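Derivation of every value follows stated rules applied to the coordinates shown; laboratory data play no part. All values reported here derive from a predicted model rather than from experimental measurement. Note that we place each Cβ from the backbone using ideal geometry, even for glycine, and neighbour counts take in every protein chain shown.
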Amino acid sequence: MKKKFFYLVLLSFLMCLPLSAEDVKIENNTEFNLYTGMFDFSDDGKRSTLIGFQHQNEELNRDTFLGNLSPITGAMFTADNATYFYTGVQAQYKLGGLNITPSFTPGYYNQGDGKDLGHALEFKSEVQLSLDLPKDSQLGFSYNHLSNASLGEKNPGANSYMFNFLKKF
């Protein structure tokens, strides 16, 4: 009796397997964006190199009248120990192999030894241009502006540019 049950379970399992490689559908639902560049390049006194990463879960994408929107989360670190942790939304527009990705992300900024932006709450507006590469990858360039929207006594803002490598998993 135990042997028959084992063979029945094994047969049921085998019937659930795909018949060919074409039947296997691999979905890449997570995208990571690694980037590096120059923080506040327009301020000679406080410019600094930066490195960062960003995560996007494509299962949360929504098609809207504004285009394909999705939530993003990330962090940016400068050589002057300034940090910016953020979460927000980005839109995605494709023109053939070219991707245009504007985003808006509020976040927490800590100046470390870097530029004083006037408030812990900062807003990042960004636009990224990227080209599709093989194996679910992209190579891009982005520009952003950090501002506290005059929440603090001062609002100097910071302009940054980055080179991006994006990969879907």
Size of the dipole of region 26-168 about the Cα centre, Lys and Arg at +1 and Asp and Glu at -1 on the beta carbon, nothing else charged, in debye to 20?
140 debye
Can you list the HN-Hα couplings for region 73-87, worked out from phi with the Karplus curve (6.51, -1.76, 1.60; θ = phi - 60°), rounded to whole Hz and with x for Gly and Pro?
9, x, 8, 10, 10, 9, 5, 8, 6, 7, 10, 9, 10, 9, 8
Calculate, for Ser125 and Ala79, the FRET efficiency according to 1/(1 + (r/R0)^6) with r their C-beta to C-beta distance and R0 25 Å; round to the nearest 0.05.
0.65
Would you count, across region 26-168, every pair of lysines whose alpha carbons are under 17 angstrom apart, provided the pair is eight or more residues apart or spans two chains?
9
Please list, in chain and number order, the residues 5+ apart from Ala82 or on another chain whose amide H is under 5 Å from its amide H, with Hs placed from the backbone.
Asp113, Gly114
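Order by neighbour count: Ser137, Ser147, Ser142, fewest other Cβ atoms within 10 Å first, most last.
Numbers: Ser137 14, Ser147 18, Ser142 21.
Ascending number of Cβ neighbours within 10 Å: Ser137, Ser147, Ser142.
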Simple SL model, points at 7 angstrom along Cα→Cβ for Phe41 and Lys168; separation in nm is 2.9 nm
Could you go through region 113-121 in sequence order and give the Karplus-derived ³J(HN,Hα) for each residue, using 6.51 cos²θ - 1.76 cosθ + 1.60 with θ = phi - 60°, rounded to whole Hz, and x for Gly and Pro?
9, x, 6, 7, 8, x, 6, 6, 8
Taking H placed 1.01 Å from N in the peptide plane, check which residues at least 5 places from Asn68 or on another chain put their amide H under 5 Å from its amide H.
Gln92
Model label zone, Asp132; criterion: amide N under 20 Å from point 7 Å along Cα-to-beta-carbon; scope region 48-65
56-64
